[in-house]
1. Just checking, which of SER72, SER47, SER63 is within 17 Å of ILE197 (Cβ to Cβ) and either touching a His at 6+ places or on another chain (Cβ under 6 Å) or not aromatic (Phe, Trp, Tyr) (or both)?
2. Does any residue of the stretch 212-227 turn out to be acidic (Asp, Glu), modelled with pLDDT of 95 or more and over 28 Å from ARG99 (Cα atoms)?
3. Restricting the search to the stretch 1-22, which residues are more than 28 Å from VAL205 (Cα to Cα), modelled with pLDDT under 95 and among the acidic types (Asp, Glu)?
4. Need a quick list: strands (runs of 3 or more DSSP E) entirely within the stretch 162-230 having at least 3 residues that are buried (at least 18 other Cβ atoms within 10 Å of the Cβ).
5. With in contact (Cβ under 8 Å) with a residue 12 or more places away in the chain and either touching a Ser or Thr at 6+ places or on another chain (Cβ under 6 Å) or of a type in the set (A, V, I, L, M) (or both) as the only criterion, which of SER72, SER145, SER101 stands out?
6. Looking at the stretch 19-33, can you tell me whether even one residue there is among the hydrophobic types (A, V, I, L, M, F, W, C), out of contact with any helix residue (DSSP H, G or I) (no Cβ under 6 Å at 6 or more places or on another chain), without any contact (Cβ under 8 Å) to a residue 24 or more places away in the chain and under 16 Å from GLY219 (Cα atoms)?
7. Of all residues being small (Gly, Ala, Ser) and at pLDDT 95 or above in the stretch 23-46, which is surrounded by the most Cβ atoms within 10 Å (Cβ to Cβ)? Just the residue, please.
8. Starting from residues that are over 17 Å from VAL182 (Cα atoms) and of a type in the set (A, V, I, L, M), keep the ones in the stretch 118-160 and report whichever is surrounded by the most Cβ atoms within 10 Å (Cβ to Cβ).
Amino acid sequence: MDLVQVDSIRKTYCLGGVEVHALQGVSFSIAKGEFVSIMGASGSGKSTLLNIIGCLDNPSDGSYMLDGIDVSTLKIDRLADIRKHTIGFVFQGFNLLPRMSALENVELPMLYKGVKASRRKKRAMEALEKVGLEDRSFHQPHQLSGGQQQRVAIARSLANDAPLILADEPTGNLDSHTSEEVMKLFVNLNEQMGKTIIQVTHEPVMADFGKRIIRFMDGKLLSDELVQRA
């Protein structure tokens, strides 16, 4: 069953009186349990697309179905509700609150969802255990390496047990060794926990950890291919 289905999606911005066509009639679907990498040069439309898939923005035209719900025309409050229950986000810059511990950072999505304190702590610790950071649960971000901070961010994306994880250049601030470790963690979440993962990346090596690569150019879908394993 498809978790993500975009049909003839267009997104147009007006910048300085000039229309910018960020997406031009994009269509594809992603089934539950897939691991998809989205690639493209800067300005190709991949980040705009991720914002729409993540319910952070609406398309100018076309439809977007998320887990059977047409979210392309929903209002802001309804989109926020869907994000809380369906989507976990992982960003290039980690986006951790500096004065909070790893555990408290992972608890945040559950706080917004209204989960009770005792339940939040238990589930946050379980998420940290999944990414191998249970022994760093009370460390603040400045006490963690870049790779450990990204693992905390991944644990946070798991906090509400969302079926879909969106990762925007998740290894962009990491060295090659740490990047590989983070990508192997995504592979494990996909294969062992059944999470659907969509990552945006400009790095071919990182893209190859996915099972499918969608390439964009100038707001259009250029190619959509399965990754060939040796």
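The values are calculated or read from the model by the stated rules, or taken from the named source; none is laboratory data. Note that the structure is predicted; figures quoted are calculated from it, not measured. FYI the Cβ positions are ideal-geometry reconstructions off the backbone, even for glycines, and counts take in every protein chain you see.
1. Just a single option satisfies the conditions, and that option is SER47.
2. In the first step, residues of the stretch 212-227 are kept if they are acidic (Asp, Glu); the result is 218, 224-225.
With the extra rule that they be modelled with pLDDT of 95 or more, the set shrinks to 224-225.
Restricting the remaining residues to those that are over 28 Å from ARG99 (Cα atoms) gives 224-225.
Yes.
3. Within the stretch 1-22, just GLU19 meets the criteria.
4. Values: elements: 164-168, 196-200, 212-217, 220-226.
It comes to 164-168, 196-200, 212-217.
5. Working: SER145 fails: either touching a Ser or Thr at 6+ places or on another chain (Cβ under 6 Å) or of a type in the set (A, V, I, L, M) (or both); SER101 fails: either touching a Ser or Thr at 6+ places or on another chain (Cβ under 6 Å) or of a type in the set (A, V, I, L, M) (or both).
After ruling out the rest, the residue left standing is SER72.
6. Within the stretch 19-33, one or more residues are among the hydrophobic types (A, V, I, L, M, F, W, C), out of contact with any helix residue (DSSP H, G or I) (no Cβ under 6 Å at 6 or more places or on another chain), without any contact (Cβ under 8 Å) to a residue 24 or more places away in the chain and under 16 Å from GLY219 (Cα atoms).
7. Within the stretch 23-46, the first condition is being small (Gly, Ala, Ser), and the residues that meet it are 25, 27, 29, 31, 33, 37, 40-45.
Next cut, at pLDDT 95 or above only: 25, 27, 29, 31, 33, 37.
Details: GLY25: 14, SER27: 13, SER29: 13, ALA31: 13, GLY33: 16, SER37: 25.
Top of the filtered list is SER37.
8. ALA124
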